[in-house]
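Working notes for the structure below.
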Amino acid sequence: MYTVYVSNKNESGNYDETLIFTDQFTSEHTALIDPTLEIESGTAGQLDFAYPPSNVGYSITNPMTTEVIVKKNGTEVWRGRVLDPETDFYNQM
């Protein structure tokens, strides 16, 4: 089971993780479009995806401060920062 979270620092200095995708069920609040995770030995890896405005992470994603975390069966397999979010014609980020 794969899950994807976004993590942002809250007012008390701690980090809050918000679920933005799970492969267990489909919901408009946790929908990702074409998620692709590339992990190679010796590199940082890369996660590419888009999400619609209905996704809970859409409004809380900020460049350079938001972290994206991928977990497989509850174990973290990748973590990275959002660098340059772009929106398309359909307002998907």
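Taking all protein chains in place and a 1.4 Å probe, what share, in percent, of the accessible surface of the chain do carbon and sulfur account for?
49 percent
What is the chain by shape, rounded, prolate or oblate, if you read a ≥ b ≥ c off the alpha carbon gyration tensor as root eigenvalues and call it rounded for a/c under 1.5, prolate for a/b larger than b/c, and oblate otherwise?
Working: a/c = 1.22, a/b = 1.09, b/c = 1.12.
Since a/c stays below 1.5, the shape of the chain is classed as rounded.
Per residue, the accessible area of segment 8-86 comes to 66 Å² when a 1.4 Å probe rolls over the protein heavy atoms. Remark: segment 51-61, residue by residue, has Karplus-estimated 3J(HN,Hα) of 9, x, x, 6, 5, 4, x, 4, 7, 10, 8 Hz, where x stands for each Gly or Pro and the curve is 6.51 cos²θ - 1.76 cosθ + 1.60 at θ = phi - 60°.
Converting phi to 3J(HN,Hα) with the Karplus coefficients 6.51, -1.76 and 1.60 and the offset θ = phi - 60°, segment 68-74 yields 10, 10, 10, 10, 10, 6, x Hz in sequence order, with x at every glycine or proline.
Between 12, 54, 27, the Gaussian network model of the chain with springs among Cα atoms under 10 angstrom shows the greatest mean-square fluctuation at 12. Considering Cα pairs under 8 angstrom that are at least six residues apart, work out the relative contact order of the chain and quote it in whole percent. Worked out over the chain, it gives 28 percent.
Computed from backbone phi, the HN-Hα couplings of segment 4-19 come to 10, 10, 10, 10, 10, 6, 8, 5, 8, x, 8, 9, 9, 9, 10, 5 Hz, rounded to whole numbers (Karplus: 6.51 cos²θ - 1.76 cosθ + 1.60, θ = phi - 60°; Gly and Pro given as x).
The values are calculated or read from the model by the stated rules, or taken from the named source; none is laboratory data. Quick caveat: nothing in here was measured; it's all calculated off a predicted structure. Surface accessibility is based on the protein's heavy atoms, side chains included, excluding ligands, DNA and RNA. Shrake-Rupley method; radii C 1.70, N 1.55, O 1.52, S 1.80 Å.
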